[in-house]
Amino acid sequence: MNVIQKYTRSITASNLRDDAHHHHTEVLAAAALCRDLGTKLFRVKYASDATSYQALLEAWREIVIGKAATRSWPADVSPAKMARLSLDHWLNDVCPACTGRAYEPVRGASSVMSDVPCRICRGTGRRAVAVKHNELKYVEQMVEALDAISAHAAGQTMKRLADEMGL
């Protein structure tokens, strides 16, 4: 089970006991100790915490402004707009056709998936970025950056969990 699955299971648990058989709080504590943008990303995307969205967007906007400056983006490309578009896409990137499962559903059985990759997302489980043509490259780059930040936060969380377990 990966960090995202553990995090989601923890935030949806009705009881956050922490004993020999229940470990729901460990992943929450480990994720909270990550002091980067990853914790906010997890909170907004996987915990559906809309109250943290504005703080997340502001922090992400500052990062994108820095990236735009170092990458010499054209003057007609607004870093603030690219930040909002990329974050909104990243937060809601599930393919509507396969609901993120990456395979075609079996007709007549909505919860059963076939062995055929989804035609819409080509087996990625993610919807395509839908923005103006001149913005696409920049939004896609920033979505990749958000993926990297999320992966780094998940790795840091797993490292903290492993350290606590003495692995």
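Can you give me the number of residues within the stretch 66-100 that are in a loop (DSSP other than H, G, I, E, B) and charged (D, E, K, R)? Steps first, please.
Keep residues of the stretch 66-100 that are in a loop (DSSP other than H, G, I, E, B), which gives 71-78, 92-93, 95-100.
From what is left, the residues that are charged (D, E, K, R) are 71, 76, 93.
Residues meeting the conditions: 3.
From the list Leu28, Leu33, which one is surrounded by fewer than 16 Cβ atoms within 10 Å (Cβ to Cβ) and modelled with pLDDT under 85? Write out each step before concluding.
Working: Leu28 fails: surrounded by fewer than 16 Cβ atoms within 10 Å (Cβ to Cβ).
Step by step, each of Leu28, Leu33 is checked, and only Leu33 is surrounded by fewer than 16 Cβ atoms within 10 Å (Cβ to Cβ) and modelled with pLDDT under 85.
Please indicate, with yes or no, whether at least one residue in the stretch 45-63 is under 18 Å from Lys137 (Cβ atoms), without any contact (Cβ under 8 Å) to a residue 24 or more places away in the chain and surrounded by fewer than 17 Cβ atoms within 10 Å (Cβ to Cβ).
No, the stretch 45-63 contains no residue that is under 18 Å from Lys137 (Cβ atoms), without any contact (Cβ under 8 Å) to a residue 24 or more places away in the chain and surrounded by fewer than 17 Cβ atoms within 10 Å (Cβ to Cβ).
Kindly provide the set of residues from the stretch 148-160 that are surrounded by fewer than 14 Cβ atoms within 10 Å (Cβ to Cβ) and either under 12 Å from Leu41 (Cα atoms) or charged (D, E, K, R) (or both), ordered by number.
Step one: of the stretch 148-160, the residues surrounded by fewer than 14 Cβ atoms within 10 Å (Cβ to Cβ) are 148, 151, 155, 159.
Matches in the stretch 148-160: Ala148, Ala151, Lys159.
Output the residues belonging to the stretch 95-127 that are exposed (fewer than 14 other Cβ atoms within 10 Å of the Cβ) and of a type outside the set (S, T, N, Q).
Result: Pro96, Val106, Arg107, Gly108, Ala109, Val112, Asp115, Val116, Arg119, Arg122.
The values are calculated or read from the model by the stated rules, or taken from the named source; none is laboratory data. Computed from a predicted model, the values in this text were never measured in an experiment. Please note: Cβ atoms are built from the backbone with ideal geometry, for glycine as well, and neighbour counts cover all protein chains shown.
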